[in-house]
Each structure stands twice: as structure tokens, then as C-alpha cells.
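Report on one structure; see the data block that follows.
The values are calculated or read from the model by the stated rules, or taken from the named source; none is laboratory data. Everything quoted here is computed from the prediction, not taken from an experiment. FYI the Cβ positions are ideal-geometry reconstructions off the backbone, even for glycines, and counts take in every protein chain you see.
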Amino acid sequence: MTKRIALFPGSFDPFTRGHESVVRRALDLFDEIIIAIGVNSSKKYLFDLDQRVSMIESVFADAPSVRVESYKGLTIDFAIREGARYLLRGLRNSRDFEYEAEIARMNLMMEAGIETVFLISLPEYSAINSTIIREIYKNKGDISTFVPEGMNMPS
Ligand code: ADP
């Protein structure tokens, strides 16, 4: 049987407890999950790419079916290159739904017909948002409630 590989794409600046929960809940669904950090050269990030890779790797050190990669360009092109037939996304609210549904439908209509699998976030994570975490971090606030327990933070 062909391996069921899912790509979990995002900017993960930074990776949060909400992201972690989506990946852990999906472990049973897929043989392999690739956490794919999308790199857009015109975007400024708070944590650089190497920091984000090692932060996320530290969270999944216990999960052999999870690996972390980065990519440029279209998410579905990277999915095809990695042999992933599924995208994994989390949905917090109706705003996420509106945005995600359009992308998912277009991805499905494209030649490779990549399916998107959505997991609804648990209520305790539905307010967690990387943009707000960045603001707290920049202002020297404590972000530990929002990021995975034990995640290696850059020093
Ligand atoms: P993007 O830049 O693509 O929005 P993010 O890093 O913000 O990437 O998020 C990646 C995926 O994780 C998206 O599907 C997003 O909806 C989902 N997500 C973000 N925060 C949460 C959360 N707190 N709970 C569940 N899913 C989340």
C-alpha cells in the first residue's frame, strides 16, 4: 500500500500549542506528517527559518513519523515533490473556514487533486494565534502558555 503522507504547511512564526495539537491528533490518520515551513522571501519573520526548524523538531523528538522541512513556491508543488496526497490544516473559527475553503477547493481542482484534511481546533486552543504571540514576544511578555511545553526557544 502506498504510504499516506500529509503535509502540514504554515509559517509557524512561532509554532504554537494549537499547531502541536493538530499534528498530534493527526498522527493516527497518516503514516507520515511533514511539517512544511513556507518561505516567502518578501515576508519578514520574527524567528528565522533555522530557529523555527529546530523549535519544531524539539517538539516532535518523540514522534518518528513527523519531520520538518521548508519550501518556497506553491504548497501543492512541494506536496507533489514529497509524495504527499493530503494537506493538513487546522480550523479555529469561521474566518479560518472561509479562507481555507477557497484554497482547498482550488487545490482539489488542480491537476494533482490534493485533498485537504481539516481538524477543528479544541476550544482551549482556538484563541491561540501566532500574530498575537509575536506581539507579546516582541514586547518581552511571557508566551509560555501558548507555545508547546518543552519547545526549545532560541536563546
Ligand atoms: P499560515 O501562515 O498558513 O496561516 P499558520 O502558521 O498561521 O500558517 O498556521 C498553519 C495552520 O495551522 C493553518 O491551517 C491554521 O489555520 C492552523 N492553526 C493556526 N493556529 C491554530 C490553532 N490555535 N489551533 C488549530 N489550528 C491552528
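Is it the case that some residue within region 22-40 is in contact with a Lys or Arg (Cβ under 9 Å, 6 or more places away or on another chain) and acidic (Asp, Glu)? Spell out the reasoning first.
Taking region 22-40 and keeping what is in contact with a Lys or Arg (Cβ under 9 Å, 6 or more places away or on another chain), we get 22, 29-35, 37-40.
If we keep only those that are acidic (Asp, Glu) as well, we get 31-32.
Yes, there is a match, as at least one residue in region 22-40 is in contact with a Lys or Arg (Cβ under 9 Å, 6 or more places away or on another chain) and acidic (Asp, Glu).
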Filtered residues of region 10-37 (kept if at negative phi, surrounded by 20 or more Cβ atoms within 10 Å (Cβ to Cβ), in a loop (DSSP other than H, G, I, E, B) and in contact with a strand residue (DSSP E or B) (Cβ under 7 Å, 6 or more places away or on another chain)): 30
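Kindly establish whether residue 60 is touching a helix residue (DSSP H, G or I) at 6+ places or on another chain (Cβ under 6 Å), at pLDDT 95 or above and either β-branched (Val, Ile, Thr) or under 18 Å from residue 82 (Cβ atoms) (or both). Walk me through how you get there before you give the answer.
Numbers: touching a helix residue (DSSP H, G or I) at 6+ places or on another chain (Cβ under 6 Å): no; at pLDDT 95 or above: yes; either β-branched (Val, Ile, Thr) or under 18 Å from residue 82 (Cβ atoms) (or both): yes.
Against the criterion (touching a helix residue (DSSP H, G or I) at 6+ places or on another chain (Cβ under 6 Å), at pLDDT 95 or above and either β-branched (Val, Ile, Thr) or under 18 Å from residue 82 (Cβ atoms) (or both)), residue 60 does not qualify.
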Given the criteria modelled with pLDDT of 95 or more and assigned to a strand (DSSP E or B), does residue 7 qualify? yes
Only one of 96, 77 is closer than 18 Å to residue 34 by Cα and either within 13 Å of the ligand (Cβ to nearest atom) or free of Cβ contacts under 8 Å to residues at least 60 places away in the same chain (or both), namely 77
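Yes/no matrix, rows are residues, columns are (1) modelled with pLDDT of 95 or more; (2) not small (Gly, Ala, Ser):
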| site | (1), (2) |
| --- | --- |
| 93 | yes, yes |
| 101 | yes, no |
| 113 | no, no |
| 121 | yes, no |
So which of 134, 52 is at pLDDT 95 or above, under 14 Å from the mean Cα position of the chain (by Cα) and within 13 Å of the ligand (Cβ to nearest atom)? 52
Residue list for region 1-34, filter: among the β-branched types (Val, Ile, Thr), farther than 12 Å from residue 117 by Cα and within 11 Å of the ligand (Cβ to nearest atom): 16
Selection from region 80-93 of residues in contact with a strand residue (DSSP E or B) (Cβ under 9 Å, 6 or more places away or on another chain) and within 12 Å of the ligand (Cβ to nearest atom) yields 87, 88, 89, 90, 91, 92
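Just give me the residues in region 113-131 being part of a loop (DSSP other than H, G, I, E, B), surrounded by 12 or more Cβ atoms within 10 Å (Cβ to Cβ) and more than 8 Å from the ligand (Cβ to nearest atom), in sequence order. Before the answer, list the steps.
Of the residues in region 113-131, the ones part of a loop (DSSP other than H, G, I, E, B) are 113-114, 121-122, 126-129.
Keeping just the survivors that are surrounded by 12 or more Cβ atoms within 10 Å (Cβ to Cβ) gives 114, 121-122, 126-129.
Scanning region 113-131 gives a single hit, 114.
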Contact list please: Cβ distance under 8 Å, first residue in region 15-32 and over 19 Å from residue 52 (Cβ atoms), second residue within 15 Å of the ligand (Cβ to nearest atom) and of a type in the set (Ser, Thr, Tyr), pairs at least six apart or on different chains. 30/86
Inter-residue pairs, beta-carbon under 7 Å, first under 17 Å from residue 6 (Cα atoms) and in region 105-134, second surrounded by 15 or more Cβ atoms within 10 Å (Cβ to Cβ) and charged (D, E, K, R), 6+ apart: 114/85; 115/85; 116/89; 118/89; 118/100; 119/25
Scan region 24-38 and tell me whether some residue there is closer than 17 Å to residue 150 by Cα and not aromatic (Phe, Trp, Tyr). yes
